[in-house]
Structures are given as C-alpha cells and as structure tokens.
Amino acid sequence: MNKSQLIKKISKELNLDTTKVKELLECILDSIIEVLIEEKRIELRNFGVLKLKKLKGTFVKNPKNGVEMFVGERYTVRFKPSKKLIEMINEKDQV
C-alpha cells in the first residue's frame with residue numbers, strides 16, 4: 001500500500017474528503033519526523049517504537065570499479081513493533 005492508497009482507504013472508512021485526509025496524513029507524518037529529529041524516539045502504543053540509530057563511519061568498496069571510499073557517521077530509523085502488533089499479525093497469518 002502506498003500513501004495515496006492509504007488516503008483513499010481512510011477517506012472511504014471515515015467518509016471524509018480526500019484532500020482533508022491528505023492534509024491530516026501530511027501533518028501526522030511531519031510531526032513524526034519533527035519528533036524523531038528533536039527527541040530521537042517516538043512511541044506509538046499498540047503499534048511500536050520508531051527511533052534514530054547512529055551508524056558509525058565506515059569504508060565501503062564500489063563493486064563495479066573496486067574504489068574504496070569513506071561514508072561518514074549518519075542516522076537511520078529503526079522500528080520495533082509492539083507485542084500486540086506482532087500478535088495481531090501472527091493471528092491474521094494463521095487464519
């Protein structure tokens with residue numbers, strides 16, 4: 001599912017205009033990004049935890065030409081699903 005499909009699904013379920021749902025979703029996503037940048041962690045009960053993880057700088061090799069280069073420290077986002085989410089997925093999978 002992509003973002004436009006999600007917007008259509010929410011719009012249909014809540015009987016709302018798609019432009020309003022798009023604005024709402026954009027606002028939610030922007031807020032999540034801001035919290036990650038400022039606090040490095042966001043917890044959504046019964047869904048999971050999003051947090052920033054700092055990756056060390058490392059040397060990598062280009063497989064095409066074999067040239068080595070340094071990639072500096074950077075952040076990535078990690079997601080840890082909640083127990084409830086994992087249970088729901090596993091229940092759905094067994095049916």
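The values are calculated or read from the model by the stated rules, or taken from the named source; none is laboratory data. Note that the coordinates shown come from a computational prediction; the quantities given were computed from them, not determined experimentally. Counting neighbours? That spans all protein chains shown, and the Cβs are built from the backbone with ideal geometry, glycine included.
Here are some notes:
- Pair list, Cβ under 6 Å, 6 or more apart: the stretch 62-82 residue closer than 30 Å to Leu50 by Cβ, other residue surrounded by 10 or more Cβ atoms within 10 Å (Cβ to Cβ) and acidic (Asp, Glu): none
- Scanning the stretch 9-39 for residues that are surrounded by 14 or more Cβ atoms within 10 Å (Cβ to Cβ) and of a type in the set (D, E, K, R) gives a single hit, Lys22.
- Of all the listed residues (Val49, Val60, Val67), the sole one being of a type in the set (Val, Ile, Thr), surrounded by 11 or more Cβ atoms within 10 Å (Cβ to Cβ) and modelled with pLDDT of 90 or more is Val49.
- Conditions (1) modelled with pLDDT of 95 or more; (2) loosely packed, with under 10 Cβ neighbours inside 10 Å; (3) not hydrophobic (A, V, I, L, M, F, W, C): number failed by Lys54: (1)
- Just one of (1) over 28 Å from Ser4 (Cα atoms); (2) touching a residue at least 40 places away in the same chain (Cβ under 8 Å) fails for Thr58. It is (2).
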